[in-house]
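See structure below.
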Amino acid sequence: MPHSEQAAGERFVPLATAALDLHRALTVPDGPLVADATELDNLHAHAVALLFLLDSHAESAGPVRELAAPLRAARIRAWQLAERLHHAAHATPYPPATGRRSLCQRHQAAVRLIRRRTTPADLRT
């Protein structure tokens, strides 16, 4: 990766972290937490974005085995998170006007990625 791209990427990670912290502060109330379908949809979007980010890093680190292995493991964990959030979103009542189309389309993109990059045995770990 060229130095300028790496420096730009490093500048965006703190911004992404701050955005997640802000999202949590604005949407997670004090007391018991029960996420509605919209919140689960938003969390799924974050998980899928993380999956794609980890995938790009795992693939670029591919030639260096000791760097790639932990990134590939993290990619699998991000997939497992996205999968569970997708199931949770389908288990909650959803506002009929919004539908679930964007959630499922996003999840299908993640499914295509994970099927290209992993084996069924990888996903059982």
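The values are calculated or read from the model by the stated rules, or taken from the named source; none is laboratory data. Keep in mind that what you see is a predicted model, and the values were worked out from it rather than measured. Neighbour counts run over all protein chains shown; Cβ positions are idealised from the backbone, glycine included.
At a glance:
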{"quantity": "Any hit, region 79-93, residues being free of Cβ contacts under 8 Å to residues at least 12 places away in the same chain and of a type in the set (Gly, Ala, Ser)", "calculated": "yes"}
{"quantity": "Enumeration of residues in region 56-108 that are among the polar types (S, T, N, Q) and over 16 Å from the mean Cα position of the chain (by Cα)", "calculated": "Ser60, Thr92, Thr98"}
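Here's the yes/no breakdown for (1) exposed (fewer than 15 other Cβ atoms within 10 Å of the Cβ); (2) at pLDDT 90 or above:
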{"position": "Pro32", "(1), (2)": "yes, no"}
{"position": "Asp36", "(1), (2)": "yes, no"}
{"position": "Ala45", "(1), (2)": "no, yes"}
{"position": "Ala49", "(1), (2)": "no, yes"}
{"position": "Asp55", "(1), (2)": "no, yes"}
{"position": "Pro70", "(1), (2)": "yes, yes"}
{"position": "Glu83", "(1), (2)": "no, yes"}
